[in-house]
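Quick notes on the structure that follows.
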Amino acid sequence: MTEDIAVAVVKETFGLFKPTVVEGTVVDTDGKPISNVEISIGKQSDTTSTSGKFILRGFKPGQYVIKVQYKSITDPNAEKVHLERGEKAQVTITLSDKVVNSPVPKPSETKREKTPTEIFKLGQRYEHGKGVKQDIQKAFKCYSMAAQKGLAPALVQVGSMCLKGEGVKQNPQIAFKCYLKAAKQGVAQAQHQVGEMYYNGEGVEKDDTNAFKWYMKAAEQGFAEAQRAVGYSYSNGEGVEEDKTKAFEWYIKAAEQGVSRAANGVGLCYKEGWGVEKDILQAFEWFLKSAKKGDVRAQYNVALCYNYANGVRKDLHEAFKWYMKAAEQGFAEAQRAVGYSYSNGEGVEEDKTKAFEWYIKAAEQGVSGAANGVGLCYEEGWGVEKDMQQAFQWYLKSAKKGNATAQRNIGYCYSDGTGTEKNIKEALYWWEKAAEQDTDGKILLGTLYLEGTEDIPQDEEKGLEWLRQAAEQESTEAIVKLADHYIRKDEQSKAIKWLEKGVQLNDPTAKVMYAFIHVFDHEYKDDSSNTFWFAEYWVQTPNDDALNNARKAYAGDLVDDMLILSDDSFWGGCKKGFLITKDLRLITSKEPNRPIDLTAKKALSKSSYPFDDKVKKAIEKLLLL
């Protein structure tokens, strides 16, 4: 198609310039005006009215090309006109008879091929229903046509739709190819997506090194999600050598752009001291920023902070609130925590039925601790009818996933023949699995072998070895058991060695035993002495009721200076528990509204139990530890 071209010259007059207004008329060879003629000068355009007139404004001095189009064709013989400077430049354009009398061309004769951008924009209209009926399939077809011509935005859109299965059958392989083509054109979004697909092995073989390469390309262009991914890669050494300092730097960049997951990553760095000085207060603040934006991992981390007083005061109600927020988004570990909270009444009113419901949700997502919780509900009949067979099956699921608590529980099932046939060999197998993982399992096996049972022959060597392993991992329970064993065997030096470790760990039971051994010149093993009975009693852990009652008697606070804690089985008259403090006070809750405050010596002298002077000295020595 040719164009009817006139040359327009706007000249500057008297050294001053005001934008020129160009007015004109389009006529035929007989001077009759012609309407619907499109006139274009530079970026300005107008269509002639019924009187054949047009007007264009805003021209600076210079030479312009006038384009004249009528009935989708142009008149190559149109007069070329020079425009002089003036308030209004008048132009008359005469169209030839050939153009004026030509028939209106059929659509097929005037149809031109659309550009890739025009096709892409048509796809957008179909996708969003703008000016046309929404049609995702037609949108995909348009995007595909533009993508075939190499248009980067279209390649990204086709990649996205193929990956999600929108408007077309899901095809990750095609999606990857499209994203890769766009990525090679430098599109940051596509580069990040290529990294994601390499990382997840989606549409292409998993390759952490290539994933990191493409993440970095996008991150260097400032693409925030890619910056977070680079931080994560450095933090975990995936696709690149681990570097916690660089991880922190990239997390910060992404977090400052508002990426909530990156803010959570910054929090982890502060919590663990990765690439920055450890600061649990800063960690909590970053977790909270991220959590408030809805990041599920951060919500869970905020809950943990409130639960364990990390960077914020302990608040089980707040912990439960944030656990629930994460759980409602489907975060499995948070669902398990909600189940645990309902089961134990921590931060929320106890509700065994709700506990069971949340444990089930988490267990169905593969959380081993939740599966153990489901087993416990079936065993105890919490929120569900009691069923030991079901309990056994859930314990087994959890145990097979490596949960140590479940492995101990499944061992008890086999040992007692509950929910399954009795099988001591299987019981020992699972108890050993648990012992390989945690100190509780080691203590269980150590105690069983050391004492022996009807089904398990005594094996002192094995028992001591398991307890020793637990003690070396700073289990004070194991330390006390070892010390008690050596005292009974009259191997005081070995007992003292372990008790000294217990004292260093500030364990009250170890302190009591250590004091009595030294005060009574190693006569601790004498069964007839008061001292043995006293120390033997304190090997037992005081029950929760005693602890709570003593706390209430001591103004409701957990006292750091508590020395001895007991219930009413130790001294008569203190029916709800008592404690002795390091400043020689006896605190009881016999009168809850008016705590009794006596010196330890006076209390001992009035006690119904016949303590002798050595016992009193032992108490005094104990106070100095």
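Quick grid of which residues meet (1) at negative phi; (2) touching a Phe, Trp or Tyr at 6+ places or on another chain (Cβ under 9 Å); (3) in contact (Cβ under 8 Å) with a residue 24 or more places away in the chain:
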{"position": "I479", "(1), (2), (3)": "yes, yes, yes"}
{"position": "I496", "(1), (2), (3)": "yes, yes, no"}
{"position": "K501", "(1), (2), (3)": "yes, no, yes"}
{"position": "I517", "(1), (2), (3)": "yes, yes, yes"}
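Candidates A470, A434: the one that is over 17 Å from G502 (Cα atoms) and open to solvent by less than 30 Å² (accessible area, probe 1.4 Å) is A434. The residue that is farthest from the chain's Cα centre (by Cα), among those in segment 473-496 that are surrounded by fewer than 15 Cβ atoms within 10 Å (Cβ to Cβ) and assigned to a loop (DSSP other than H, G, I, E, B), is D490.
How many residues, within segment 230-243, are part of a helix (DSSP H, G or I) and surrounded by fewer than 17 Cβ atoms within 10 Å (Cβ to Cβ)? Break it down into steps so the answer makes sense when it comes.
Within segment 230-243, the first condition is being part of a helix (DSSP H, G or I), and the residues that meet it are 230-236.
Okay, now just the ones that are also surrounded by fewer than 17 Cβ atoms within 10 Å (Cβ to Cβ), so 236.
Residues meeting the conditions: 1.
Looking across segment 143-162, the residues that are part of a helix (DSSP H, G or I) and touching a Phe, Trp or Tyr at 6+ places or on another chain (Cβ under 8 Å) come down to Y143, A146, P153, A154, L155, V156, Q157, V158, G159, M161.
With respect to the conditions (1) under 26 Å from the mean Cα position of the chain (by Cα); (2) free of Cβ contacts under 8 Å to residues at least 12 places away in the same chain, K217 falls short on a single one, namely (2). Scanning segment 290-315 for residues that are among the hydroxyl-bearing types (S, T, Y) and surrounded by 18 or more Cβ atoms within 10 Å (Cβ to Cβ), we see that the one that is nearest to C269 (Cα to Cα) is S290. Within segment 151-177, being open to solvent by less than 30 Å² (accessible area, probe 1.4 Å) and farther than 23 Å from N200 by Cβ holds for one residue alone: A154. Of everything listed in (1) among the β-branched types (V, I, T); (2) open to solvent by 20 Å² or more (accessible area, probe 1.4 Å); (3) at pLDDT below 95, the single unmet condition for I119 is (2). Looking across segment 268-284, just one residue is part of a helix (DSSP H, G or I), surrounded by fewer than 17 Cβ atoms within 10 Å (Cβ to Cβ) and charged (D, E, K, R), and that is E272. For D416, the conditions (1) modelled with pLDDT under 95; (2) open to solvent by less than 30 Å² (accessible area, probe 1.4 Å) all hold with the exception of (2). For segment 379-413, residues that are buried (at least 24 other Cβ atoms within 10 Å of the Cβ) and aromatic (F, W, Y) total 2. Tell me, which residue of segment 14-35 that is surrounded by 13 or more Cβ atoms within 10 Å (Cβ to Cβ) and of a type outside the set (A, V, I, L, M, F, W, C) is modelled with the highest pLDDT? Checking each candidate, the answer is P33.
Can you find a residue in segment 324-336 that is of a type in the set (S, T, N, Q), assigned to a helix (DSSP H, G or I) and more than 16 Å from the chain's Cα centre (by Cα)? If you could, list the steps in order and put the result at the bottom.
At the first step, the residues of segment 324-336 found to be of a type in the set (S, T, N, Q) are 329, 335.
Next cut, assigned to a helix (DSSP H, G or I) only: 335.
This time we only want the ones that are more than 16 Å from the chain's Cα centre (by Cα), so: none.
Within segment 324-336, none of the residues are of a type in the set (S, T, N, Q), assigned to a helix (DSSP H, G or I) and more than 16 Å from the chain's Cα centre (by Cα).
Hey, among the residues in segment 125-150 that are charged (D, E, K, R) and within 19 Å of A190 (Cβ to Cβ), which one's least open to solvent (accessible area, probe 1.4 Å)? Steps first, answer last, please.
Within segment 125-150, the subset charged (D, E, K, R) is 125, 127, 130, 133, 135, 138, 141, 149.
The next check asks that each one be within 19 Å of A190 (Cβ to Cβ); those that pass are 127, 149.
Values: E127: 36, K149: 108 Å².
That would be E127.
Which one of G373, G381 is touching a helix residue (DSSP H, G or I) at 6+ places or on another chain (Cβ under 6 Å) and at pLDDT 95 or above? First the steps, then the outcome.
Numbers: G381 fails: touching a helix residue (DSSP H, G or I) at 6+ places or on another chain (Cβ under 6 Å).
The unique qualifying residue is G373.
Is it fair to say A332 is in contact (Cβ under 8 Å) with a residue 24 or more places away in the chain, at negative phi and touching a Phe, Trp or Tyr at 6+ places or on another chain (Cβ under 8 Å)? The answer is no for A332.
Out of the residues in segment 419-431 that are free of Cβ contacts under 8 Å to residues at least 12 places away in the same chain and among the charged types (D, E, K, R), which is surrounded by the most Cβ atoms within 10 Å (Cβ to Cβ)? The residue in question is K422.
For segment 259-267, check the following and say yes or no: at least one residue is out of contact with any strand residue (DSSP E or B) (no Cβ under 7 Å at 6 or more places or on another chain), open to solvent by less than 50 Å² (accessible area, probe 1.4 Å) and not in a helix (DSSP H, G or I).
Of the residues in segment 259-267, the ones out of contact with any strand residue (DSSP E or B) (no Cβ under 7 Å at 6 or more places or on another chain) are 259-267.
Then keep just the ones that are open to solvent by less than 50 Å² (accessible area, probe 1.4 Å); that gives 259-260, 262-267.
This time we only want the ones that are not in a helix (DSSP H, G or I), so: 259.
Looking for residues that are out of contact with any strand residue (DSSP E or B) (no Cβ under 7 Å at 6 or more places or on another chain), open to solvent by less than 50 Å² (accessible area, probe 1.4 Å) and not in a helix (DSSP H, G or I), one finds at least one in segment 259-267, hence yes.
The values are calculated or read from the model by the stated rules, or taken from the named source; none is laboratory data. This is a predicted model, so every value here is computed, not measured. Here Cβ is always computed from backbone atoms with ideal geometry, including for glycine, and neighbour counts include all displayed protein chains. Side chains included, ligands, DNA and RNA excluded: accessible areas come from the protein's heavy atoms. Shrake-Rupley method; radii C 1.70, N 1.55, O 1.52, S 1.80 Å.
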